[in-house]
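Working notes, structure below.
Every read-out reported here was derived from the displayed coordinates using simple, explicitly stated rules and does not represent laboratory data. These numbers were taken from a predicted model, which means no experiment stands behind them. All Cβ positions, even for glycine, are placed from backbone atoms using ideal geometry, and neighbour counts span all protein chains on display.
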Amino acid sequence: MDWQNLLTALALMLVLEGIIPFLNPGGLRRAFDLMNQLSDSQLRSVGLVLMVVGVLLLYFIR
């Protein structure tokens, strides 16, 4: 892996993460309020699932 691919992925991640607060800031606030009500173990589970989905997506794309 070269640095250009890593920086490209980082830039794309920032663009994608910026779409929701730009288009629907109120919805993002409500989502954060809901996330704040989850326990630490529930948030860890969500994070784990998202990481696994991301790794599987990378595996199938590459």
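Starting from residues that are surrounded by 11 or more Cβ atoms within 10 Å (Cβ to Cβ) and hydrophobic (A, V, I, L, M, F, W, C), keep the ones in the stretch 29-44 and report whichever is farthest from MET13 (Cα to Cα). Checked the stretch 29-44; the qualifying residue farthest from MET13 (Cα to Cα) is LEU38. When GLY47, GLY18, GLY26, GLY54 are checked against the criterion of being surrounded by fewer than 10 Cβ atoms within 10 Å (Cβ to Cβ) and either in contact with a helix residue (DSSP H, G or I) (Cβ under 6 Å, 6 or more places away or on another chain) or in a helix (DSSP H, G or I) (or both), GLY26 stands alone in meeting it.
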